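The values are calculated or read from the model by the stated rules, or taken from the named source; none is laboratory data. As the structure is a computational prediction, the values presented were derived from the model and not from experiment. Glycine also receives a Cβ, built like all others from the backbone with ideal geometry; neighbour counts cover every protein chain displayed.
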Amino acid sequence: MRISHIHRYLLRQFAPPFFIGTLFFTFIIMIFYLKEVIRVAIEKNLGIWLIFELMFYSLGWSLALTLPMAALLATIMAIGKLNNDSEIIAMRSGGASFWYLFRPFFGLGVVFTIVMLYYCHVVIPYCFYQMATIINTINRSDPSAILTPGQFVSLGQSQNSRQVIYIGSAKKIQKRQKYYNIQIRKITENEGISRLTELIFAQEGEIVQEKKGQQRFLRLFRGYIFSRQEKNFLRLDFSRGFLDINLNFARLARQGINEHDFPAFSYMKLKEAIKRYEGDSAEQSQRYYRKALTELYKRYSLPFASLVFFVLGFPLGISNRRSGKGAGFGISIIYIFLYFALYLMSEQLAANWQFLPPLLAAWLANVVTVAAALYIFYRRSRPY
């Protein structure tokens, strides 16, 4: 069980770029998330402790993505550096096979996979749950925190309809937030077909709170309501009055805990959701069933991303002869993008488009990446 000198040397070459890559990719993922949090903190005067807590839980789920990324980058750069210095050729001349040189990386991949299996089943759902709770707290304290100009935001969803709101611009006037060019759309689904059944236009709006109580409204001014009633259209004019839209805080959250937030479900709760939707033949229920099943399979496929990237990174590092560190970094970014593009599309492929079964959709990124890795490995391991 002793580690040979060559294996220890390979691991020493791997460690520095791995830790640097982990910090780099974590920073890149977090910076996009922190930008929005900092904006909300400045505009809504949130407590600094709440922001740190949100950062901590967002760091928890982001590590599941950044560790495989860093593993691929570090493997390519470590092996590429040794290959560039002709050390791989020296080891091969001494009788070391490609498989012998790959063994420490394969062992690390197995260890990472075992740890990540627990991480994806326990830690990540907990982090998603805590993040959603904190964001709900922010939105309950000030629902205007999610009313972002230039974006469509969900106002809630019932069994067969949903509402979205769009705000053209916002401006603070005398400590009151004013919204302009507002659209609220009600979209109804019937037999798998989505139809726009109600449209509200308003030139101006603001948040209004009852003096006795915590209920808040979005009060709209100078606008119209267009509603479709069977074969007729109804037009209501409130250009000389106002219209109050009840803001349901629980539904307003961009991320919330409801019966369809499968990433925040524990393993047992996810299995219960799968069993509940499996026996329902309704189209919407079958879509939720496929989403829940895909989420379950993803919790097994994502832990293998580290092992897959080790398998891919070694032959890519061998192929990267004289290109330097910049080329190794660029190659890793390309493969990381392709892998996670397939991984993130799994829900669309399985549930929304129903193009692939959930099992294949969840494992598609791993299968494609391993196939590419084995091909490159085979090409490089042949005698010169």
Say whether the condition of being at pLDDT below 75 and closer than 19 Å to Ala71 by Cα is met by at least one residue in the stretch 354-367.
no
Just to be sure, is Leu46 at pLDDT 80 or above and either on the phi < 0 side of the Ramachandran plot or crowded, with 17+ Cβ neighbours inside 10 Å (or both)?
no
Residue match in the stretch 326-334 (condition: hydroxyl-bearing (Ser, Thr, Tyr), within 24 Å of Val115 (Cβ to Cβ) and either touching a residue at least 12 places away in the same chain (Cβ under 8 Å) or assigned to a loop (DSSP other than H, G, I, E, B) (or both))
yes
Mind listing whichever residues of the stretch 230-251 are part of a helix (DSSP H, G or I) and either loosely packed, with under 15 Cβ neighbours inside 10 Å or at pLDDT 50 or above (or both)?
Ala250
Any hit, the stretch 252-275, residues being small (Gly, Ala, Ser), under 31 Å from the mean Cα position of the chain (by Cα) and either under 24 Å from Lys172 (Cα atoms) or modelled with pLDDT under 80 (or both)
yes
Expected output for the stretch 269-291 (first residue touching a residue at least 12 places away in the same chain (Cβ under 8 Å), partner acidic (Asp, Glu), Cβ below 8 Å, 6+ apart or cross-chain) is Leu270/Glu295; Ala273/Glu259; Glu283/Glu191; Gln284/Glu189; Tyr289/Glu278; Tyr289/Asp280; Lys291/Glu347
Of the listed residues (Tyr100, Tyr57), the one being modelled with pLDDT of 85 or more and either within 30 Å of Leu147 (Cα to Cα) or among the polar types (S, T, N, Q) (or both) is Tyr57
So, in the stretch 277-293, of the ones that are in a helix (DSSP H, G or I) and among the small types (Gly, Ala, Ser), which residue ends up nearest to His260 (Cα to Cα)?
Ala292
Which condition does Phe102 not pass, out of (1) touching a Ser or Thr at 6+ places or on another chain (Cβ under 6 Å); (2) buried (at least 20 other Cβ atoms within 10 Å of the Cβ), if it passes all the others?
(1)
The residue that is surrounded by the most Cβ atoms within 10 Å (Cβ to Cβ), considering only those in the stretch 365-380 that are of a type in the set (Gly, Ala, Ser) and over 21 Å from Ala350 (Cα atoms), is Ala373
Being surrounded by fewer than 20 Cβ atoms within 10 Å (Cβ to Cβ) and either among the polar types (S, T, N, Q) or not assigned by TED's automatic domain parsing to the domain that holds Ala64 (or both) is the filter here; which residues of the stretch 338-364 pass it?
Gln348, Asn352, Gln354
Surrounded by fewer than 16 Cβ atoms within 10 Å (Cβ to Cβ) and at pLDDT below 85, is that true of Gln163?
no
